[in-house]
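J.: Have a look at this one.
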Amino acid sequence: PLVESGGGLVQAGGSLRLSCAAPGRTMDAYVMGWFRQAPGKEREFVAAISWNEGRTDYVDAVKGRFTISRDNAQNRVYLQMISAKPEDTAVYYCAARRGYGGIYYDSTLYTYWGQGTQVTVSS
């Protein structure tokens, strides 16, 4: 029930904005996360945002370069990427878990997932 968009090819140092939509579903009661999986690697946590934007967190590798945000009125979550690096190359997934608590880092705690969008950063 989640649909990602915005992936593509970008040069190192460039920017990209990923978007996640939830057609037919209200997202304001959900914790939202972004994960990524590079070839031959485990899926890893990238960023998460609480239901009311009161809390966000990021994996150390993207802190200062990625920003997660949400627009509950539009039922969308975004991941703004700047200063992209080749090691950011991966399939990026949007995930959702219902709850008014904090944020979650464990992918197994998320209930809904998108199909993924490919991000390739060329050097």
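The values are calculated or read from the model by the stated rules, or taken from the named source; none is laboratory data. Being a predicted model, the structure only gives us computed values, none of them experimental. Cβ placement follows ideal geometry from the backbone for every residue including glycine, while neighbour counts extend to all protein chains displayed. Side chains are part of the model used for accessible areas, which takes the heavy atoms of the whole protein and leaves out ligands, DNA and RNA. Shrake-Rupley method; radii C 1.70, N 1.55, O 1.52, S 1.80 Å.
J.: For the structure I just gave you, tell me whether ASP71 is open to solvent by 10 Å² or more (accessible area, probe 1.4 Å) and either modelled with pLDDT of 95 or more or within 17 Å of GLY7 (Cα to Cα) (or both). First the steps, then the outcome.
T.: On the way: open to solvent by 10 Å² or more (accessible area, probe 1.4 Å): yes; either modelled with pLDDT of 95 or more or within 17 Å of GLY7 (Cα to Cα) (or both): no.
No, not satisfied.
J.: Any chance you could count how many residues in the stretch 64-85 are of a type outside the set (A, V, I, L, M), at negative phi and part of a loop (DSSP other than H, G, I, E, B)? So that I can check it myself, show each step before the final result.
T.: If we filter the stretch 64-85 for residues that are of a type outside the set (A, V, I, L, M), which is where we start, we get 64-67, 69-72, 74-76, 78, 80, 83, 85.
Among the residues that remain, those that are also at negative phi are: 65-67, 69-72, 74, 76, 78, 80, 85.
Checking the rest, the ones that are also part of a loop (DSSP other than H, G, I, E, B) come to 65, 72, 74, 85.
Result for the stretch 64-85: 4.
J.: Anything in the stretch 47-63 that is outside any strand (DSSP E or B), open to solvent by 10 Å² or more (accessible area, probe 1.4 Å) and touching a Ser or Thr at 6+ places or on another chain (Cβ under 8 Å)? List them, or say none. Can you show your working first?
T.: Here is the first cut: in the stretch 47-63, the residues outside any strand (DSSP E or B) are 50-55, 59-63.
Subset that is open to solvent by 10 Å² or more (accessible area, probe 1.4 Å): 51-55, 59-61, 63.
Selection gives GLU53 alone.
J.: Ok, one more. Identify all residues within the stretch 86-123 that are assigned to a helix (DSSP H, G or I) and open to solvent by 30 Å² or more (accessible area, probe 1.4 Å); write none if there are none. Give the steps one after another, and end with the answer.
T.: Residues of the stretch 86-123 assigned to a helix (DSSP H, G or I): 86-88, 107-109.
Of everything in the stretch 86-123, those that are assigned to a helix (DSSP H, G or I) and open to solvent by 30 Å² or more (accessible area, probe 1.4 Å) turn out to be PRO86, GLU87, SER107, THR108, LEU109.
J.: Cβ contacts < 9 Å: first residue more than 15 Å from TYR110 (Cα to Cα), restricted to the stretch 24-35; second residue open to solvent by less than 10 Å² (accessible area, probe 1.4 Å) and in a strand (DSSP E or B), any location; separation 6+ or different chain. Result?
T.: ARG25/ALA96
J.: If I ask for residues that are out of contact with any helix residue (DSSP H, G or I) (no Cβ under 9 Å at 6 or more places or on another chain) and either among the aliphatic types (A, V, I, L, M) or surrounded by 13 or more Cβ atoms within 10 Å (Cβ to Cβ) (or both), which ones from the stretch 32-46 would you list?
T.: Listed by number, the residues that qualify are MET32, TRP34, GLN37.
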